[in-house]
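Have a look at the structure below before the remarks.
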Amino acid sequence: MFSFTKMDDRFELMRRMGDTVGAPLDLAVAEGRLTGSGVRAAAYRCAMCRHGEDCAYWLEDHADGAAHPPGYCRNRALMEGLKART
């Protein structure tokens, strides 16, 4: 079921994932490397993922950073692409 609370929670996970792997989404948007529609698509992919709880734990375990998002991340390719251009 869709809820704005879930979208907010997932967007926060997605933002944290970008920061953790060296692909900050806010910077990518500010530099024009990620559009509003790109952010919406990524947020939707994240919201539809069944690994939200796993992701939160993964982020806690990688508070000092990580080279790559976990394999189950639906935005892994996006994060890797943004990181490569940072």
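The values are calculated or read from the model by the stated rules, or taken from the named source; none is laboratory data. Since the model is a prediction, treat every value here as computed from it, not as a measurement. Glycine gets a Cβ as well: all are built from the backbone with ideal geometry, and neighbour counts include every protein chain shown.
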Quiz item: Just one of the numbered conditions (1) of a type outside the set (A, V, I, L, M, F, W, C); (2) in a helix (DSSP H, G or I); (3) within 13 Å of the chain's Cα centre (by Cα) is not true of Thr5; which one?
Solution: (3)
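Residues are listed down the side, and each one gets a yes or a no for (1) of a type in the set (Val, Ile, Thr); (2) in contact (Cβ under 8 Å) with a residue 40 or more places away in the chain:
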{"position": "Arg15", "(1), (2)": "no, no"}
{"position": "Val21", "(1), (2)": "yes, yes"}
{"position": "Ala30", "(1), (2)": "no, no"}
{"position": "Ala67", "(1), (2)": "no, yes"}
{"position": "Cys73", "(1), (2)": "no, yes"}
{"position": "Arg76", "(1), (2)": "no, no"}
{"position": "Ala84", "(1), (2)": "no, no"}
Exercise. Have a look at Ala47, Ala41, Ala67, Ala63 and point out the one that is part of a helix (DSSP H, G or I), surrounded by fewer than 16 Cβ atoms within 10 Å (Cβ to Cβ) and not polar (S, T, N, Q).
Key: Ala41
Quiz prompt | Scan of segment 1-26 for residues that are modelled with pLDDT under 95 and of a type in the set (A, V, I, L, M), ordered by number | solution = Met1, Met7
Exercise. Residues being at pLDDT 95 or above, among the small types (Gly, Ala, Ser) and closer than 16 Å to Met7 by Cβ: count how many of those fall in segment 42-71.
Key: 2
Quiz item: So, of the residues in segment 50-60 that are in contact with a Cys (Cβ under 9 Å, 6 or more places away or on another chain) and not in a loop (DSSP other than H, G, I, E, B), which turns out to be surrounded by the fewest Cβ atoms within 10 Å (Cβ to Cβ)?
Solution: Gly52
Quiz item: Taking only pairs six or more apart or across chains, which ones have beta-carbon atoms under 7 Å, a first residue in segment 34-58 that is closer than 13 Å to Phe11 by Cα, and a second residue that is not in a helix (DSSP H, G or I)?
Solution: Ala42/Asn75; Arg45/Arg74; Arg45/Asn75; Cys46/Arg74; Cys46/Asn75; Cys49/Arg74
